[in-house]
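Report on one structure; see the data block that follows.
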Ligand code: PMT
């Protein structure tokens with residue numbers, strides 16, 4: 001049997017996209033499939049962690065022995081994470097959370113009019129990972145940074161600004177990795193260190209990432 005460096009550790013993670021309703025039949029979302037987050041949940045479980053997976057709408061089976069909670073919007077995801085975060089030792093934010101959502105959700109289907117243009121006003125959503133990392137008893141917190149340009153610069157900026165313990169920078173500018181593909185490549189940054197995980201299947205990558213997280217977690221606890 002494999003070593004279980006996360007035995008007895010409670011780990012929560014977010015995965016998938018969020019859906020921000022415009023009206024009863026329409027929403028704003030993104031191309032996250034949940035594959036990366038679900039692979040991380042399975043890898044964390046294999047290392048012995050007690051895993052809670054907070055997932056947006058995806059078409060994936062729940063990994064064995066993982067507690068899954070389904071959510072829709074960024075606000076739902078925020079409320080669900082905050083309700084359970086106090087007992088967690090590690091938090092990983094892998095979800096592609098909408099930064100903004102429609103200010104008004106129409107209670108009936110929005111009708112087409114004669115106007116050629118339509119304006120939808122958006123309001124900022126709460127930042128889940130930044131809120132978790134600002135808690136007085138914060139868990140060991142890992143964020144992702146999906147970027148299409150200046151990946152390292154923006155990742156390091158998010159690491160500091162959001163007070164994270166580690167960030168996984170994800171270059172999502174090419175279609176062989178990142179959103180919805182089966183493979184991914186990540187560069188990890190933490191205060192005082194970095195490590196590159198080259199292009200690999202998300203399953204293999206998740207195992208490597210969780211092994212590194214377990215090591216960093218034990219180094220500082
Ligand atoms: O699901 P897959 O198809 O497998 O694709 C995986 C992935 C590309 C979605 C994943 O690897 C990834 O990069 N996830 C983060 C995507 C993202 O939205 O990144 P961001 O740079 O916009 O957000 C930065 C961090 O803040 C992320 O950890 C995000 O979860 C978190 N966040 C963002 C906004 C918000 N309101 N709350 C948050 O917690």
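The values are calculated or read from the model by the stated rules, or taken from the named source; none is laboratory data. Quick caveat, the model's predicted, so the values are computed rather than measured. Don't worry about glycine lacking a Cβ; one is built from the backbone with ideal geometry, like all the others, and counts go over all protein chains shown.
Across the stretch 161-181, which residue is modelled with the lowest pLDDT among those that are part of a strand (DSSP E or B) and touching a helix residue (DSSP H, G or I) at 6+ places or on another chain (Cβ under 7 Å)?
Residues of the stretch 161-181 part of a strand (DSSP E or B): 166-171.
Filter once more, so that each one left must be touching a helix residue (DSSP H, G or I) at 6+ places or on another chain (Cβ under 7 Å): 166-169, 171.
Values: 166: 97, 167: 97, 168: 96, 169: 94, 171: 85.
My answer is 171.
Exactly one condition in (1) closer than 26 Å to residue 49 by Cα; (2) within 10 Å of the ligand (Cβ to nearest atom) is not met by residue 177; state its number.
(1)
Answer yes if at least one residue in the stretch 193-206 is at pLDDT 95 or above, surrounded by fewer than 21 Cβ atoms within 10 Å (Cβ to Cβ) and under 27 Å from residue 79 (Cβ atoms), and no otherwise.
Within the stretch 193-206, none of the residues are at pLDDT 95 or above, surrounded by fewer than 21 Cβ atoms within 10 Å (Cβ to Cβ) and under 27 Å from residue 79 (Cβ atoms).
Considering each residue of the stretch 160-174, count those that are more than 10 Å from the ligand (Cβ to nearest atom) and more than 18 Å from residue 214 (Cα to Cα), and give that number.
Residues of the stretch 160-174 more than 10 Å from the ligand (Cβ to nearest atom): 160-161, 163, 165-166, 173-174.
In the following step, the residues that additionally are more than 18 Å from residue 214 (Cα to Cα) were identified as 160-161, 163, 173-174.
The qualifying residues number 5.
Any idea which of 90, 69 is modelled with pLDDT of 95 or more and within 14 Å of the ligand (Cβ to nearest atom)? Break it down stepwise before answering.
Working: 69 fails: within 14 Å of the ligand (Cβ to nearest atom).
The unique qualifying residue is 90.
So which pairs qualify, if the first residue must be in the stretch 29-40 and in a loop (DSSP other than H, G, I, E, B), the second must be modelled with pLDDT under 95, the Cβ gap must be under 8 Å, and the two must be at least 6 apart or on different chains?
Within 8 Å, the pairs are 30/179; 31/179; 31/180; 32/179; 32/180; 33/179; 33/180.
Only one of 95, 21 is over 24 Å from residue 216 (Cα atoms) and touching a strand residue (DSSP E or B) at 6+ places or on another chain (Cβ under 8 Å). Can you tell me which?
Values: 95 fails: over 24 Å from residue 216 (Cα atoms).
Just one listed residue meets the conditions, 21.
Just to be sure I understand the filter: pairs with C-beta atoms under 6 Å, separated by 6 or more residues or on different chains, first member in the stretch 121-147 and at pLDDT below 95, second member in a strand (DSSP E or B) and more than 7 Å from the ligand (Cβ to nearest atom). Which pairs pass?
145/167; 145/169
Could you check residue 130 against (1) within 14 Å of the ligand (Cβ to nearest atom); (2) assigned to a loop (DSSP other than H, G, I, E, B); (3) surrounded by fewer than 17 Cβ atoms within 10 Å (Cβ to Cβ) and say which number it fails?
It fails just one condition, (2).
Does residue 50 fit the bill of being within 12 Å of the ligand (Cβ to nearest atom) and touching a residue at least 12 places away in the same chain (Cβ under 8 Å)? Explain how you work it out, then say what you get.
On the way: within 12 Å of the ligand (Cβ to nearest atom): no; touching a residue at least 12 places away in the same chain (Cβ under 8 Å): yes.
No.
Which residues, taken from the stretch 95-109, are in contact (Cβ under 8 Å) with a residue 40 or more places away in the chain and surrounded by fewer than 18 Cβ atoms within 10 Å (Cβ to Cβ)? Talk me through it step by step, then tell me what you get.
Start the filter on the stretch 95-109 by keeping residues that are in contact (Cβ under 8 Å) with a residue 40 or more places away in the chain, which leaves 95-98, 100-102, 105-109.
Across the stretch 95-109, the qualifying residues are 100, 105, 106, 107, 108, 109.
Considering only the stretch 1-43, how many residues are surrounded by fewer than 24 Cβ atoms within 10 Å (Cβ to Cβ), within 12 Å of the ligand (Cβ to nearest atom) and on the phi > 0 side of the Ramachandran plot?
Summing the residues that are surrounded by fewer than 24 Cβ atoms within 10 Å (Cβ to Cβ), within 12 Å of the ligand (Cβ to nearest atom) and on the phi > 0 side of the Ramachandran plot in the stretch 1-43 gives 1.
Take residue 83 and tell me if it is without any contact (Cβ under 8 Å) to a residue 60 or more places away in the chain, more than 10 Å from the ligand (Cβ to nearest atom), more than 16 Å from the chain's Cα centre (by Cα) and in a strand (DSSP E or B).
When the stated conditions are applied, residue 83 does not pass them.
Can you confirm whether residue 57 is in contact (Cβ under 8 Å) with a residue 12 or more places away in the chain, closer than 15 Å to residue 18 by Cα and within 16 Å of the ligand (Cβ to nearest atom)? Even if it seems obvious, please write down each step before you answer.
Details: in contact (Cβ under 8 Å) with a residue 12 or more places away in the chain: yes; closer than 15 Å to residue 18 by Cα: yes; within 16 Å of the ligand (Cβ to nearest atom): yes.
Spelling it out, residue 57 is indeed in contact (Cβ under 8 Å) with a residue 12 or more places away in the chain, closer than 15 Å to residue 18 by Cα and within 16 Å of the ligand (Cβ to nearest atom).
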